[in-house]
Amino acid sequence: MHQKLLQKPATYNNNNRMENIASVQREYFLKGATKDITFRKQQLRKLEKVLKENEPLLLDAIYKDFKKSAFDTYTNELYLLYHDIQEAIKKTRSWSRVKRAKTNLPNLPAKSYVMPEPLGVSLVIGAWNYPYLLSLAPVVAAIAAGNTVVLKPSEVSLNSSHALEHIVNTNFQPEFFSVVEGGIKETSDLLNQKFDKIFFTGSANVGRIVYQAGAKNLASVTLELGGKSPAFFTETCNLKTSVKRMIWAKYLNAGQTCIAPDYILVHKSIKDNFLKLAVEEIEKNKFSIDNENYVQIINEKNFHRLQSMIDPSKIYVGGQCDIDSRIIEPTIMTDVNFEDLVMKEEIFGPILPVIEYDKLNTVVDRVKAGPKPLACYVFTKDRKVRNTILREISFGGGAINDSVMHMTNSNMAFGGVGDSGLGSYHGISGFQAFSHFKSILDKPTFFEPNLKYYEHTKQKFKWIKIMMGQK
């Protein structure tokens, strides 16, 4: 059954169908069923159940897309999803509670509080590099907050998209949660509909289009984008452990990770040793599909884009490219400068440029001059150096003496800034991304001060200034 399902041709929907999907969900949302906390938790439990029941289908589909192993799919995607679902089930009720706020002097006596409410009908547009995690993690947040959801998976990872469509559309009511497949036309047709929330993961170029579409209907928009994320290796770092962690993070998913270290800034005093240890670590890991710790480049278009970035004269290790298998071996380039082609855009593949530096402030200024990255990694034992980089460079999130792992901590918001994104999610931040918080002033009628009302006397004016702390 799985084989037949995953080979079916894509079925695309016209604009009328998209309009119908959005209007049916809006009608359902307005009935108020999704506002019930018990309902939300039931739907989250159902999502967890159907994902676990269909794990063989999900694993088969993603392997067909780019040879991602069961080990990596579970540890990089499904495990994190299950964690998000379980956390949402446990905490949705507390996240949804009315929160008291302080009441200022002019409004006394009164109570003030903030009421979370769902935004409404939401559209989630997923990404191909982690097709389950980056599609369903925002869905979990949307359901926890009480929204209805239309999910548009990436058509680039087509088999994974088919699997998600099958799992969701055969288990959930379409007026509550529905998957729509398709490409640019179908995405454009969806963006023409009125959604209350749009959540997009992908490139900055497409993100700008999504943002403009959201503006037409004044929809709340979250953009999870990318960028060239630097990794600083200073002369005081624990080099062996630092290289080990960085190499794993860089070549995870063959570099097709939005928060992977995009390039290395290494102090000249440790550069040679850094390169030696990096090569040893690559050899030790034996990256390959057979060893279940490597994947294909997603398609030929991205393969050729990456291949064009490799300058043969600057290859330190790797560089071999096989178009038939869509494999680019782990590659390190040295003697790179900021003007090289490989430094002009986010790499999003298994190519690691290494830039030597002497003075930290020089490279910090160079990073600051570019678009704000999604992540930044600092490998150092020097607190002053660490604080300088964290203070001077604006970026979405990052780690000290580690790489990538910050996004697995749902107690911290995950998101970009500037060119690398707008808004954040994970844990309570995801709930907040799909919620509106109503501010309420609840005032009794037994007491009514007369200061704000006409007539405007000098005595009233005097008391008002006293209340404002003025003489």
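Annotations
- Only a single item in (1) more than 22 Å from the chain's Cα centre (by Cα); (2) within 19 Å of Val149 (Cβ to Cβ) is not met by Ile89, and it is number (1).
- Residues located in the stretch 195-231, provided they are part of a loop (DSSP other than H, G, I, E, B) and either surrounded by fewer than 24 Cβ atoms within 10 Å (Cβ to Cβ) or within 16 Å of the chain's Cα centre (by Cα) (or both): Asp196, Gly202, Ser203, Asn217, Leu218, Ala219, Leu225, Gly226, Gly227, Lys228, Ser229
- Only residues that are over 20 Å from Tyr63 (Cα atoms) and either out of contact with any helix residue (DSSP H, G or I) (no Cβ under 6 Å at 6 or more places or on another chain) or in a strand (DSSP E or B) (or both) were counted in the stretch 290-320, giving 16.
- Among (1) more than 23 Å from Ile297 (Cα to Cα); (2) surrounded by fewer than 21 Cβ atoms within 10 Å (Cβ to Cβ), the one test that Trp248 misses: (1)
- Long-range neighbours under 9 Å by Cβ, at least six apart or interchain, first residue under 15 Å from Lys286 (Cβ atoms) within the stretch 250-261, second modelled with pLDDT of 95 or more and among the polar types (S, T, N, Q): Tyr251/Asn285; Tyr251/Asn293; Leu252/Asn76; Leu252/Asn293; Ala254/Gln296
- Exclusive hit being in contact with an Asp or Glu (Cβ under 7 Å, 6 or more places away or on another chain) and of a type in the set (S, T, N, Q), set Ser410, Ser439: Ser410
- Top-ranked residue in the stretch 262-289 [being in a loop (DSSP other than H, G, I, E, B) and aliphatic (A, V, I, L, M); ranked as nearest to the chain's Cα centre (by Cα)]: Ile289
- Any chance Ala163 is over 30 Å from Arg93 (Cβ atoms), buried (at least 24 other Cβ atoms within 10 Å of the Cβ) and either modelled with pLDDT of 95 or more or not assigned by TED's automatic domain parsing to the domain that holds Tyr79 (or both): yes
- Selection status of Gly146, on the phi > 0 side of the Ramachandran plot, touching a helix residue (DSSP H, G or I) at 6+ places or on another chain (Cβ under 8 Å), in the same structural domain as Thr38 (by TED's automatic domain parsing) and not hydrophobic (A, V, I, L, M, F, W, C): yes
- Residue in the stretch 178-194 that is assigned to a loop (DSSP other than H, G, I, E, B), assigned by TED's automatic domain parsing to the domain that holds Ala61, under 19 Å from the mean Cα position of the chain (by Cα) and among the charged types (D, E, K, R) present: no
The values are calculated or read from the model by the stated rules, or taken from the named source; none is laboratory data. Bear in mind the structure is a predicted one, so any value in this text is a computation, not a measurement. Using ideal geometry, Cβ is built from the backbone for each residue, glycine included, and neighbour counts are taken over all protein chains shown.
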